[in-house]
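Notes follow the structure.
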Amino acid sequence: MDDQAASSQQDAHSVPHCYRHPDRETGIRCTRCERPICPECMVNASVGFQCPDCVRSGSGTGHAPSASMPRTLAGGTVAADPHLITKILIGINLAVFIAVQISTPLLNDLVLIGRWPPEPFLPTEGVADGEWYRLLTSVFTHEQIWHVGFNMLSLWWLGGPLEAVLGRARYLALFLISGLAGSALAYLLSTATTSTLGASGAVFGLFGATAVLMRRLNQDMRPIVALLVINLIFTFTWSNISWQAHIGGLVAGLVVGYAMVHAPREKRSLVQYGTCALVLAAIVVLVLLRTAQLT
């Protein structure tokens, strides 16, 4: 009897932990399933609070589930598959890689190149001659298997957790803007006849955003900083690596990532997408300046 009383007393004093965040203690439970939920996971219901899973399944709160859909740290919608966009991006990269292996001329149509061939040979091709799409298609283009393999592993390791925190739309914006920023800086600082390809610029953007996020969550930043330093060493010591694309993507990832996780709640979307628009505007300016130089 004494053992049972001690056990009951211990249970009474134990504080439950959120089922979605096991490190957070909470005294609130979902009114439907009675699972413990922390303040971040609580969704207002007609009576009490409900958990994100019950809301997604249709909680009977008196209004559409989407109206009280739980949000991520950055304000994105909590998705059933938090890694869907990452999987799609990896699939696109692999599909383009296979297509390039089958058709070599396709590679020449997708890579980033300022202008080719050099004057006075005509006709020319490249971004300076109106092929703006190369700034984006080059991000999804790889030639060697080790290149696509390394980038896709990095995309999975970094992109998956980021997508879960940012939400699909914000994460996709981060990836694309980082990739475009890398292309823009490579276009600006590389010689006009240098061809550039690969998702490395976008991946470095994910590095930057991950560092910002870990700082925001007060997590140990030493692993991501060490990994970033190692990659930067490779960037500036190995041949045939576009350091311009890496640095451009990293800077864009830091800027956009900071806006995503530090935007005030009351003006969250305005700050986040406004920052994306400003970075895109800067990319356009860089591209226009370089094009004016080459033409």
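Bear in mind that the values in this text are calculations on the coordinates, not laboratory data. Keep in mind it's a predicted model, so treat the numbers as computed, not measured. Ideal geometry is used to build each Cβ from the backbone, glycine not excepted, and the neighbour counts take in all protein chains shown.
Per-structure values
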item: Relative contact order of segment 84-294, pairs being alpha-carbon contacts under 8 Å that are 6 or more residues apart, as %; result: 24
item: Between helix 243-262 and the chain: long-axis angle, C-alpha atoms, 0 to 90°, nearest 10; result: 30
item: Highest to lowest packing among 107-118, 21-32, scored as the average C-beta count within 10 Å; result: 107-118, 21-32
item: Sum of -39500 (n - 2.57) over DSSP H runs of 4+, divided by residues of the chain (222 nm, nearest 500); result: -19000 deg cm²/dmol
item: Principal-axis tilt of helix 84-102 within the chain, Cα atoms, nearest 10 degrees; result: 30
item: Cα lying deepest toward the dipole's positive end in the chain, options Ile247, Gln101, Cys41, charges on Cβ; result: Cys41
item: Cα-based helix-to-principal-axis angle, 168-189 vs the chain, degrees rounded to 10; result: 30
item: Protection proxy ranking of 147-158, 225-236 - average other beta-carbon atoms within 10 Å, highest first; result: 147-158, 225-236
item: Radius of gyration and maximum dimension Dmax of segment 84-294, Cα, Å; result: 17.0, 57
